[in-house]
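> After the structure tokens below, expect a handful of questions from me.
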Amino acid sequence: MLHRRTLLASALTVAAAASVPKATFAAQPAPFKLYDTHAHFYPSDPTKYPYRPDVAAAVKTRVMADPHTPEVNFKLWDDNGVEMGTGVQYNALYFADNRYLLYVAAQNPQRIVPVVIVVPDDPATPAALARMAKENRIAGARTFQLPDAEGNMQLTADASKGMWEAANALGLTIVVFLNPAKEPQALPAALTKIAAFADRYPNANICIDHLTLSAATKFGPDFGLGPQHRALAQHKNIYFKYTTFVTEALHAANVPAKDFLEHAVGLYGADHMVWGSDLGNTQGAYSEFVKVARESAAGLTVAQQKALFYDTAKRLFVPGGHGRG
């Protein structure tokens, strides 16, 4: 089992260096509603919803003191013009025990679309995806991958074929967090393998979490989006998530988020990018997350902004999956 603290080791170092003052402010509303594709939900109730046995002590202390229930998150959404969002299973707390997320999504179907965590090579995963798509209206599943030096990973192993076939049949979105922390040179090979799976399973959408920039430490003229990143733009079922994690990494590298985002949108298209806050994980004021993201999009057209902040997410994260193509 891959643990989030291992996968995020290098990324959190970058994010920690990006600590900037988080000012509270009254945000001016956007000319359209927002869709937050990366919000975590959790209560301070380890009796009813037990934490994973290896939960980090710091995470446990934080979530007990600052739970992110629907009431808490919806208030933040309402104050910042967010209509709805994707509830992303919180790996650091629950791993693949998706019960709380599915519970709150069932209670709030107009505001939360669930994305669960599954183990790609678990033989039970295909049936679990089919059941959750039907009974819980999940839009997809998220997985954390640590490629080896050749880009090999659990996600693309033969044993994961069943998961891909189920996602393809149901029209689900597979959200992939890639972090080659131990093998930085593995990222290009891993992206090439993901591109091949996009071709093999064209009815399953793939969303690259955090634009893979969580593992980047240097930004050149291409803003860290090398040839393998650029090749992904040719695959119409691959999408990219632009998050607070990305903007903080950019800040740490002294790269203007506005310049980066305009480059990324020019490469992938706003119709293949979505925005997510990482609410409940990244620390800071939610209003600041929204403000920074919207300011970085100021150079985009209104149509591009609406696609990035709302339209693409609604099309990508379909409750129950979008069915067979």
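> Restricting to segment 48-76, and then to whatever is over 21 Å from residue 96 (Cα atoms), out of contact with any helix residue (DSSP H, G or I) (no Cβ under 7 Å at 6 or more places or on another chain) and assigned to a helix (DSSP H, G or I), can you tell me which residue is modelled with the lowest pLDDT?
Of everything passing the filter in segment 48-76, 65 is modelled with the lowest pLDDT.
> Exactly one of (1) modelled with pLDDT of 95 or more; (2) surrounded by fewer than 20 Cβ atoms within 10 Å (Cβ to Cβ); (3) not small (Gly, Ala, Ser) is unmet by residue 88. Its number?
All conditions are met except number (2).
> Could you list, in sequence order, all residues of segment 312-325 that are within 16 Å of residue 273 (Cβ to Cβ) and either in contact (Cβ under 8 Å) with a residue 60 or more places away in the chain or in contact with a strand residue (DSSP E or B) (Cβ under 8 Å, 6 or more places away or on another chain) (or both)?
312, 313, 314, 316, 317
> From the list 97, 45, pick out the single residue that is of a type outside the set (S, T, N, Q), assigned to a loop (DSSP other than H, G, I, E, B) and in contact (Cβ under 8 Å) with a residue 40 or more places away in the chain.
Just a single option satisfies the conditions, and that option is 97.
> Next question. Has segment 271-282 got at least one residue that is buried (at least 22 other Cβ atoms within 10 Å of the Cβ), closer than 21 Å to residue 82 by Cα, in contact (Cβ under 8 Å) with a residue 40 or more places away in the chain and of a type in the set (Asp, Glu)?
Yes, segment 271-282 has at least one match.
> Can you give me the number of residues within segment 211-233 that are at pLDDT below 95 and either out of contact with any helix residue (DSSP H, G or I) (no Cβ under 9 Å at 6 or more places or on another chain) or closer than 19 Å to residue 315 by Cα (or both)?
Final tally of qualifying residues: 4.
Residues checked against (1) among the small types (Gly, Ala, Ser); (2) on the phi > 0 side of the Ramachandran plot; (3) in a strand (DSSP E or B):
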| site | (1), (2), (3) |
| --- | --- |
| 163 | no, no, no |
| 169 | yes, no, no |
| 189 | yes, no, no |
| 198 | yes, no, no |
| 211 | no, yes, no |
| 241 | no, no, yes |
| 248 | no, no, no |
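> Related question: For segment 155-179, how many residues meet the condition of being out of contact with any strand residue (DSSP E or B) (no Cβ under 8 Å at 6 or more places or on another chain) and either crowded, with 24+ Cβ neighbours inside 10 Å or among the hydrophobic types (A, V, I, L, M, F, W, C) (or both)?
5
The values are calculated or read from the model by the stated rules, or taken from the named source; none is laboratory data. Fair warning: this is a prediction, and the values are worked out from it, not measured in the lab. Cβ coordinates were reconstructed from backbone atoms using ideal geometry, including for glycine residues, and neighbour counts include every protein chain displayed.
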